[in-house]
Amino acid sequence: MKNFLFLSLFIALLVTGCQDSDGKDPVLLATSSGNINNISVVIDNEMWEGSIGEALRKSLAAPVDGLPQEEPMFSLNQMPPEAFSGFVRKNRLFVKIENGQAGNFKIFNDPFAHPQTGVVITGKDSNEIINQINKNSEEIIETLRNTEIKEKQRRINKSLKDDKKLKRTLGVSLKFPTAYRYAMENDDFFWIRKDIPKGNMEILVYAVPLNQIDKDTNVIANIIKMRDSIGQVHIPGPLEDSYMITEEAYAPYLFDSEVDGKFAYETKGTWEVKNAFMAGPFINYAVRDSVNNRYIILEGFTFAPATAKRDNMFELEAILKSAKID
């Protein structure tokens, strides 16, 4: 418990000392480092190989919803406590496990670098630590993901594509990189694309009346029907009479979410091309714009056969969540 309290006090003093009298952002902290969605897991080697490590992997490296192949939510890089010093402390995300102390869990913002999120989990024994991991798993994951969304958006903001046409036509502002291009744009539908090795990343923006999704309680069926009708009209496949649809074999995941402070249905699943052998993951936000009696549909999907797609889809999610709706 003493070590945990000491770490808490040290971090608090460090952050306070790096702020000016107005409480502004830290100015003396080093810039954090690390790839997107990579976590440094600071834990004794023996604990990492045992039940505590298994609990961490089950939580933090769980498969991402909606991908055609299993890919972990976060990539975990384990290191013993003695290695967590110097430059290594600048990693943007870290989770530290401390054994032999009272069960506790705490999140720290910018303890050693900026931006940075650290999680410290303690327990008197393995069972207590595992209980802390399981009990606080959702909050830990949400906090770490939010850190990474903001970091991805910060990187994207360095070189933005002009979105004036999108804003003028649909009343939607969207921050996406100059690497993307407009593939189709008209009064009610925008298709934005980026070429990647062996494939493409795609963004769709359009609007539908509220009753197209809210006409009954079967929201997921209404969203699938909407997607399939848009695919048939706007997203052709490589062969005659082929077009994008929602994969018929598996129902997508549906969550309540929020974009630009507005309620949104978040749908994750797999798309395929009817009458052709093409498929991939998609993420769709149906954002309720009650003022204008419509849903703004923001969708991202990827075609990248035989390659990992987690990071591509994460980029699309960060872009879609940047939307501002007039």
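The values are calculated or read from the model by the stated rules, or taken from the named source; none is laboratory data. Bear in mind that the values here come from a model prediction, so they are computed numbers and not experimental data. No Cβ is skipped: glycine too gets one built from the backbone with ideal geometry, and neighbour counts run over all protein chains shown. Accessible surface areas use protein heavy atoms only, side chains included; no ligands, DNA or RNA. Shrake-Rupley method; radii C 1.70, N 1.55, O 1.52, S 1.80 Å.
A few remarks follow.
- Region 172-208, residues that are more than 24 Å from ALA308 (Cβ to Cβ), in contact (Cβ under 8 Å) with a residue 24 or more places away in the chain and out of contact with any strand residue (DSSP E or B) (no Cβ under 6 Å at 6 or more places or on another chain): LEU174
Conditions tested, residue by residue: (1) modelled with pLDDT of 95 or more; (2) under 25 Å from the mean Cα position of the chain (by Cα); (3) open to solvent by 50 Å² or more (accessible area, probe 1.4 Å).
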| residue | (1), (2), (3) |
| --- | --- |
| GLY103 | no, no, no |
| VAL120 | yes, yes, no |
| GLU128 | yes, no, yes |
| ILE140 | yes, yes, no |
| THR143 | yes, yes, no |
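To keep it simple, each residue is scored yes or no on (1) at pLDDT 95 or above; (2) more than 24 Å from the chain's Cα centre (by Cα); (3) under 22 Å from LEU174 (Cβ atoms); (4) among the polar types (S, T, N, Q).
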| position | (1), (2), (3), (4) |
| --- | --- |
| LYS194 | yes, no, yes, no |
| TYR206 | yes, no, yes, no |
| VAL219 | yes, no, no, no |
| ILE223 | yes, no, yes, no |
| GLY237 | no, yes, no, no |
| PHE255 | yes, no, yes, no |
| GLY261 | yes, no, yes, no |
| THR267 | yes, no, yes, yes |
| ASN275 | no, yes, no, yes |
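- Looking only at residues of region 214-266 that are touching a Lys or Arg at 6+ places or on another chain (Cβ under 7 Å) and among the hydroxyl-bearing types (Ser, Thr, Tyr), we find that the one that is surrounded by the most Cβ atoms within 10 Å (Cβ to Cβ) is THR246.
- Against the test of being assigned to a strand (DSSP E or B), within 22 Å of PRO177 (Cα to Cα) and out of contact with any Lys or Arg (no Cβ under 8 Å at 6 or more places or on another chain), the options VAL205, VAL273 yield a single qualifying residue, VAL205.
Residues checked against (1) touching a residue at least 12 places away in the same chain (Cβ under 8 Å); (2) charged (D, E, K, R):
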residue	(1), (2)
LEU28	no, no
ASN37	yes, no
GLY50	yes, no
LEU56	yes, no
PRO68	yes, no
MET79	yes, no
ARG89	yes, yes
VAL95	yes, no
